[in-house]
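Notes follow the structure.
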Amino acid sequence: MRTLNNVRCGETAKVKKLHGEGAVKRHIMDMGITKGCMIYVRKVAPFGDPIQIHLRGYELTLRKDDALMIEVEE
Amino acid sequence: MTFTVALAGNPNCGKTTLFNKLTGSSQRVGNWPGVTIDKKVGKIKETNYDLVDIPGIYSLSPYSPEEVISRDFIVEERPDALINIVDATNLERNLFLTLQLLDCNIPTVIALNMMDEVKKKGDSIDIEELTKLLNCPVVPISALRGEGMTELIRALTHTMSSKKTPEPIYMDYEVEKTVSRVEKSIKGKVPDESIRWHAIKLLEKDHIVEKDHLDAKDVVQKEIADFEKSFDDESDSIIANARYEKIEEIVEKAVKRAHTDLDSLSDRIDNIVTHKYYSLPIFLAIIALVYFISVSTVGAWGTEWLGGLFSEIASNVSSWCIEHNVSPILSGLLVDGIIGGVGAVLVFVPQMFVLFLLMCILEDVGYMSRIAFVLDRVFRYFGLSGKSFIPILVGTGCGVPGIMSSRTIESERDRKITAMTVTFMPCGAKLPVIALIASALFGGNWLIGLFCYFLGIVCVLMSGIILKKWRSLAGDPAPFIMELPPYHRPAWDNIFKTTFDRTWSFIKRAGTIILLACVLVWFLSSFNTSLVFIGSGSQEGSILQYIGQSVCILFAPIGWGSWELTVATITGLITKENIIGSIEIMAPSGIESIVGPAAGLSFLVFNLICAPCFAAIGSMRMELGNWRITALAVAYQCLLAYAVSSIAFTVCSIITGGAMSTLTMATCAISVFALLYLIIAKDPFLQKRRPEE
């Protein structure tokens, strides 16, 4: 299973499914990360985490640990 | 008759700006019931509509207190109308909230903000088409420039008089079939106007709404099971997907994009500001510049000028008193108590104003969220979130708003730890204390100021590690999912308003509580224990000396067993600026006549870290939820202060070659071991943080 934290900087991936539950998952969905959405991984923060992504026309940052919940297409 | 209109929208979409533009100076700030989030209400200009500012939210989910307040207000109290402000440059994500609001069946007007930015990018939005697709009036505005306000109010009035509730935006047909089946199963249990909202929330397995529909539980669960089976996903995901699919469809029809521009101006700024190597030096440079402008130059000039003004007033009043044969008690009260004490505090208003102003600018242009992005990794290592940085930074202005802004942190654990540790940072009120010690005992060395900030950060981080081992704070670390809004030019209206509000609240405190404290300190220091006036200036035999002498022994091991400083510390609990006023009154020849550099440093460190002022303790109590945990937090702060000042005193004594007693060395050794133990000890509540994927 490929997850968002494995997508390299500068690459774009398509969301396949969300895992996990509760507040974190809900928040991820509220921010627009849903099935079929294209996510461009822009950069990694200076200390190696979190990551900055571009989706639906805006910039979002999330931690690699939480990106683990986002399954993307191979 | 007065109507209630609610203003709802995402964070960072210009909601505050619009609220200020619509209501002008008629705002009242109150509290939402049960929580401590500000509830701002104001009258929309030239109407009889009360506008209620709902917290900035992304969704009507049941997780953060902001979301719960907003949904309760909209669904339970049902305002007469809603203004939904939508950021046109970020339409897709903003419409996610809009679709949920439209399900609530309340007359709604959409204020499409930042249309000028959209045009600048070369994109265009077909307002008519969008109005048609969303089934409710859409008014293009620019909150920043105040454009479109008349049209917005006109649309609002029209919508309210026609009482036209919006049609819900129907999602995918298959999804809607399930929604209507669930609606049927709860029919009659809730008012018809909010039945759709309830049905969708039940499908999303919303734990708050579920409690209202326990009797329909079996039916709903079966529906969810079928639903999940046919879509091969979880029900909450299906709904979110369906909503976003609908939004994509709407945006596709109404928006014409010139080109997909991945490298906007913000991205280019971010290339430098959050760069792997440049980000930290830039951050340090900005903070140093802020400090330099507010404390060392511009702010200091204002302070100097005001100081001159106050001493002139004091000498004029003093000679006037002599001329008119005013009793020495009254003239002492006026000159030494009131003018001297309050003046000593008010002179720092210019510094504070400049500091607040600069912080507001950084916040407003969007730099704060970049700091959180850059520093999250560091903070998380210490058990906090990158978001903790914002309360801490605000805390350098004043601990009270700092503690209050910890509310933006979703995780309860991080929020509480942040609220407990924010006051370790040198706040505006502690600046004069730092300035006094630095100038009186260290020849004005600016490194002392820097050291205090550094020490504050170390204490916050250290406490992050220590406090998460405390039972009531153990738990999973918070998610960190944060928008990085595009940089924009500062909205000066808002910035100045916030800066004035913060400064004014400080002046108000100076005018009331600090005045009382100064008079009290003057009284205690000018009268002896048989209540005979002994004159200002010579505290020999005063009540205060008596109190201080009984307690000061406690502080002997950390170098300053002097009653004057003990009393100053006690008065500092009312508000930290009092320390200056008290020292001014009790030690007219200056703090340097009481202690040397090492003890002075220890005194400074203790006052930076120990229990904050009563206002801050009160805010902590609000964030922490009860007095028990607040008392424990304050006890922790005092013990930490004692331990750290003990170390500071010993180290400084060794460097300067000062004398030390055995007791001092023993205290220092115990402090070092205690701190090391607390930091190294295994976290007893460390669980596996995340289930295996």
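Please treat every number below as a calculation from the coordinates, not as lab data. All figures in this text were calculated on a predicted structure; none of them were measured in a lab. FYI the Cβ positions are ideal-geometry reconstructions off the backbone, even for glycines, and counts take in every protein chain you see.
Here the gap between residue B:301 and residue B:280, fully extended at 0.36 nm per residue and compared with their Cα-Cα distance, gives a gain of 4.6 nm.
Over the stretch B:3-162, all Cα pairs binned in 10 Å intervals from 0 give whole-percent P(r) values of 11, 44, 36, 8, 0, listed from short to long. Comparing Cα centroids, the stretch B:105-166 and the stretch B:236-313 end up 27 angstrom apart. Among the DSSP helices (H) of chain B, those spanning at least 30 angstrom by Cα along their long axis with an average Kyte-Doolittle hydropathy of -1.0 or more are B:298-323, B:627-656; this is a geometric and hydropathy rule only. Here residue B:416 is the anchor, and the lysines within straight C-alpha reach of less than 19 Å, apart from those fewer than 8 places off in the same chain, are B:387, B:468, B:469. The share of Cα pairs per 10 Å bin across the stretch B:529-680, counted from zero up to the longest distance, runs 11, 35, 33, 17, 3, 0 percent. Contact order, relative form, for the stretch B:173-256: 28 percent (alpha carbon pairs under 8 Å, 6 or more residues apart, mean separation divided by residue count).
Semi-axes of the equivalent ellipsoid of the protein assembly as shown are 52, 30, 24 Å, computed as sqrt(5λ) over the eigenvalues of the C-alpha gyration tensor in descending order. Charge dipole (Cα centre; +1 on Lys/Arg Cβ, -1 on Asp/Glu Cβ; no other charges) of the stretch B:173-256 amounts to roughly 300 debye. Using the Cβ of residue B:440 as centre and a radius below 14 Å, the other residues enclosed give a net charge of -3, where K and R count +1 and D and E count -1.
Counting neighbouring beta carbons within 10 Å and listing from fewest to most, the residues B:642, B:278 come out as B:278, B:642. Taking 21 Å as the limit for the C-alpha separation, the pairs B:187/B:222; A:14/A:64; B:508/B:576; A:25/B:276 exceed it in the case of A:25/B:276. On the beta carbon distance between residue B:147 and residue B:38, with R0 = 45 Å, the FRET formula returns roughly 0.95. Spin-label pair residue B:249-residue B:551: with each label point 7 Å from Cα along the Cα-Cβ axis, the two points sit 6.9 nm from one another.
Placing +1 on each Lys and Arg Cβ and -1 on each Asp and Glu Cβ, with no other charges, gives the protein assembly as shown a dipole about its Cα centre of roughly 780 debye. Each stretch of four or more DSSP H residues adds -39500 (n - 2.57); spread over every residue of chain B, this sum gives -18000 deg cm²/dmol at 222 nm.
For the stretch B:3-162, the relative contact order works out to 23 percent when only alpha carbon pairs closer than 8 Å and six or more residues apart are counted. Percent of Cα pairs in chain B per distance bin of 20 Å, from zero to the largest separation: 16, 43, 29, 11, 1.
Legend: ranking of residues B:394, B:298, B:342 from fewest to most surrounding C-beta atoms inside 10 Å; resulting order B:298, B:342, B:394.
When the square roots of the Cα gyration tensor eigenvalues are ordered a ≥ b ≥ c, the ratio a/c for the stretch B:154-300 is 1.5 or more and a/b exceeds b/c, which makes its shape prolate.
Shown for B:158, B:324, A:54: other C-beta atoms within 10 Å of each C-beta, ranked fewest to most, produce the order B:324, B:158, A:54. For the stretch B:120-219, the Kirkwood estimate of hydrodynamic radius, built from reciprocal distances between every pair of different alpha carbons, is 16.6 Å. Within the same chain, aspartates and glutamates fewer than 8 places from residue B:40 are excluded, and of the rest, those with a Cα less than 13 Å from its Cα are B:50, B:53. In this rough spin-label picture, where each label sits 7 Å from Cα along the Cβ direction, the residue B:121-residue B:288 distance is 3.7 nm. Extension gain for the segment residue B:501 to residue B:193, taken as residue separation times 0.36 nm less the Cα-Cα distance, is 106.9 nm to one decimal. The residues packed around residue B:310, meaning those with a beta-carbon under 12 Å from its beta-carbon, carry a net charge of -3 if Lys and Arg are +1 and Asp and Glu are -1.
Each label was represented as a point 7 Å from its Cα along the Cα-to-Cβ direction; for residue B:659 and residue B:230 these points are 8.9 nm apart. Listed by chain and number, the lysines whose alpha-carbon sits under 17 Å from that of residue B:189, ignoring those within fewer than 8 places in the same chain, are B:201, B:211, B:217.
In a shell of Cβ-Cβ distance under 15 Å around residue B:132, excluding residue B:132 itself, what net charge do Lys and Arg (+1) and Asp and Glu (-1) give? Summing Lys/Arg as +1 and Asp/Glu as -1 gives -3.
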